[in-house]
Amino acid sequence: MSLHHRPVRLLALPAPMAVLAVAVLAGCSPGTAGARVAPPPTPPAEVAGLCAALHEELPETVAGLKRSPARPSSDLTAAWGGSAIVLRCGIPKPPAMSDPAQDGVEVNGVGWLLEQLDGGGFRFTTGLRLAYTEVTVDKEHAKDAGLLVPLSAAVKKTVPEGISSY
């Protein structure tokens, strides 16, 4: 279960402890907690440049979740709602991309490969773009089809159509 939706059990605490508890819990609210994101292997310079441009255009909110700091900080990664939604740009071509039986969807002119993950989440990966971009979504947010709309707009604006050689 991700931190941003973990139920909180309320206890009767002395005033100084209550103040400390509120301060600690405030640091765990959605959008403020950082997300550990494994950056992809170092992509070629032209792909890294496209990812840096994409990073600058990414929205501040996705599916109602605020952008979170990704750790380690990189132009290849981004996160929203802690680790509820995680983006990695510049990944190598996923093996599933070559499988004609895989499902896909087009959102505002950007094609996405759909893969259900163990545990109920999803991985979406752009296709027919000069840089592959992967978005993983936890189970709780996987049903929000609108989450790809702002991400597709940023991809369409910064990553040209084509077939990545990486």
For region 30-166: accessible area per residue (Å², 1.4 Å): 48 Å²
Inter-label distance, nm, simple model (7 Å from Cα along the C-beta direction), LYS66/GLU161: 3.8 nm
Inverse of mean 1/r across different Cα pairs in region 97-166, Kirkwood, Å: 12.4 Å
Rounded to the nearest 10 Å², the accessible area of LEU65 at probe 1.4 Å: 10 Å²
Probe 1.4 Å - accessible area at ARG67, Å² to nearest ten: 50 Å²
Pairs of alpha carbons in region 51-143 whose separation is greater than 17 Å (percent): 50 percent
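The values are calculated or read from the model by the stated rules, or taken from the named source; none is laboratory data. Source: prediction; values computed, not measured. Virtual Cβ from ideal backbone geometry, glycine too; neighbours counted across all protein chains shown. The area values use the complete protein model at the heavy-atom level, side chains included, leaving out ligands, DNA and RNA. Shrake-Rupley method; radii C 1.70, N 1.55, O 1.52, S 1.80 Å.
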